[in-house]
Amino acid sequence: MNHPGLVLLCASVLTAVDATAQSKSAVWTAPSAEQVNAIYPDVESLYFDLHRTPELAMHEQQTAAKLAERTKSLGFEVTAGVGGTGIVAVLQNGPGPKVLLRTDMDALPIEEKTGLPFASHVVVKSDSGTSTPVAHACGHDIHMSSWIGTAKLMATNRDRWHGTLILIAQPAEETGEGAAAMIKDGLLTRFPKPDFALAIHDSANQPVGQVGYTSGYALAAADSVDITIFGVGGHGGRPQNTIDPVVIAARTVLALQTIVSRENNPLDPVVITVGTIHGGTKNSIIPDEVKLQLTVRTYKPEVRKRVLASIERVAKGEALAGGAPKEPLVKVTPAANAMYNDPALTKRLVAMLRGVLGQANVVEVEPTMVFEDFAEFNLAGIPSVDVWVGAVKPENFAAAQQSGTPLPQLHSATWAPDYAPTLKMVMTVETTELLELLGH
């Protein structure tokens with residue numbers, strides 16, 4: 001991934017936004033720095049509040065209530081409880097396109113270690129009944145706060161655009177179930193069906209002031225695979241009287257990697273990771289079974305189908321070769337579909353963002369094998385685009401590039417975005433995109 005040598009800070013970008021907006025008086029292309037700064041204190045206050053009070057997937061009741069109250073006060077028609085805790089806020093402003101802007105609400109079961117004065121100290125009971133710390137270690141608090149800021153900018157400037165703005169606050173992005181749950185609950189039938197769908201995500205790999213985009217496949221499909229390998233247990237000192245599932249499991253783990261190295265086209269990305277292996281109770285006892293837990297990442301549907309079938313074939317083949325008393329149990333649980341950024345819509349939005357933010361600040365980035373359930377909107381036939389917004393202090397980013405020292409990443413206990421300029425940049429990016437689609 002290549003980055004420009006000169007990184008423009010958010011303040012200078014917003015100054016450029018001012019000049020661009022003023023030079024195109026017939027069309028409001030972007031919010032001015034003055035407009036963004038005027039609403040920023042309220043956005044920052046919401047950010048601190050959301051960061052201190054995170055909630056896990058499908059438990060975002062307080063979070064949803066805060067977002068619903070604020071969008072309703074701006075004149076949106078708000079419906080709560082869509083797909084669980086989801087919020088749909090609609091602002092109709094005459095004839096024109098219908099555009100959806102999504103934010104995600106859920107936090108992660110992780111203990112925050114940033115040391116920030118507004119850090120989360122929340123501990124809750126998980127669905128399994130165990131106590132778990134909770135933190136916004138993925139930036140959804142950034143997403144939600146700036147989403148409210150964008151809603152305010154659009155609501156107070158209705159004379160500058162026309163059409164229907166559909167804001168959704170989605171639960172359970174981290175578990176991959178929230179978008180599908182909202183769609184199943186009538187998001188695309190009970191409310192105006194959007195012509196376009198937009199989302200952003202803060203980036204731990206880009207400096208503040210920079211926007212990253214990927215045309216086409218951008219984020220992976222994800223499947224969880226649980227494999228139970230059966231054997232015949234017994235004394236560890238008399239292995240000849242057993243069928244050892246630990247050995248079968250070890251051979252299976254190694255054989256699974258040949259699916260990627262020998263069965264797959266290298267130009268079609270695939271990841272097969274065995275994340276856990278469980279079996280046995282004591283060093284002198286050969287167990288009756290061993291369990292493997294995998295995550296599988298792909299892009300193309302046909303590759304996904306073939307890889308999952310190959311995993312089952314390999315597991316059964318190794319069990320047969322090891323003399324297992326019965327076939328292994330292979331359970332596949334889909335987590336998310338592949339995110340595909342519509343190429344035509346991506347090209348259109350990138351052109352506008354470059355005109356507002358500057359050519360060097362909107363860069364193409366490589367696809368990644370993490371997942372994002374925003375993919376469901378493209379699969380529903382809605383042209384969709386999800387872009388990255390840099391959230392790393394430029395000086396920290398430059399130092400890391402020079403030294404090779406890794407930066408804290410998303411889903412890390414130490415991830416802490418440079419929140420003030422990031423919030424302002426996200427509002428600028430979201431409003432610019434919406435105005436490109438609604439403002440002409």
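Bear in mind these aren't lab numbers, they're just calculated from the coordinates by the rules spelled out. Please read these numbers as outputs of a predicted model, since none were measured by experiment. Cβ sites come from the backbone with ideal geometry, for glycine too, and all protein chains shown count toward neighbours.
Structure above, values below:
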item: Additional length obtainable on full extension of the chain from Q409 to T132, 0.36 nm per residue less Cα span; result: 97.7 nm
item: Burial ranking of peptide ranges 207-219, 282-294 (average Cβ count within 10 Å, highest at the top); result: 207-219, 282-294
item: Neighbour net charge for F118 - beta-carbon separation under 13 angstrom, K R +1, D E -1; result: -3
item: Computed [θ] at 222 nm, helices only, for the chain once each DSSP H run of length n ≥ 4 contributes -39500 (n - 2.57); result: -11500 deg cm²/dmol
item: Antiparallel bridges, percent of DSSP beta bridges restricted to the chain (to nearest 5); result: 70 percent
item: Region 221-336, relative contact order in percent, only Cα pairs under 8 angstrom and at least six apart counted; result: 44 percent
item: Hz values of 3J(HN,Hα) by residue in region 228-242 - Karplus curve (6.51, -1.76, 1.60), Gly and Pro given as x; result: 10, 9, 9, x, 10, x, x, 6, x, x, 10, x, 5, 9, 10
item: Inter-label distance for V370 and H162, nm, one decimal - labels placed 7 Å from Cα along Cα-to-Cβ; result: 4.0 nm
item: ³J(HN,Hα), Karplus 6.51/-1.76/1.60, whole Hz, each residue of region 428-440, x for Gly, Pro; result: 5, 5, 4, 5, 4, 5, 5, 5, 4, 8, 10, x, 9
item: Residues with amide H under 5 Å from that of A335, placed H, sequence gap 5 or more; result: A222, D223, S224
item: As computed over the chain, the Cα convex hull volume per residue (Å³); result: 157 Å³
item: Förster radius 41 Å - calculated FRET efficiency between A255 and S45, Cβ distance, rounded to 0.05; result: 0.15
item: Cα→Cβ-extended label distance, 7 Å offset, between N396 and F118, nm; result: 1.5 nm
item: Region 146-161 - phi-based ³J(HN,Hα) in whole Hz, Karplus 6.51/-1.76/1.60, Gly and Pro as x; result: 6, 4, 5, x, 5, 4, 5, 4, 6, 5, 8, 10, 5, 6, 9, 8
item: Point-to-point label distance, T273-A38, nm (Cα→Cβ direction, 7 Å offset); result: 4.6 nm
item: Over the chain, relative contact order from alpha-carbon pairs under 8 Å, at least 6 apart, %; result: 24 percent
item: Cβ crowding within 10 Å averaged over residues, with 359-366, 272-279 ranked highest first; result: 359-366, 272-279
item: Three-way shape call for region 221-336 based on the alpha-carbon gyration tensor, with the a/c threshold at 1.5; result: prolate
item: Over region 17-163: Kirkwood hydrodynamic radius from C-alpha pairwise inverse distances, Å; result: 16.9 Å
item: Other-chain or far-sequence residues with amide H under 5 Å of K98's (modelled H); result: T164, D195, F196
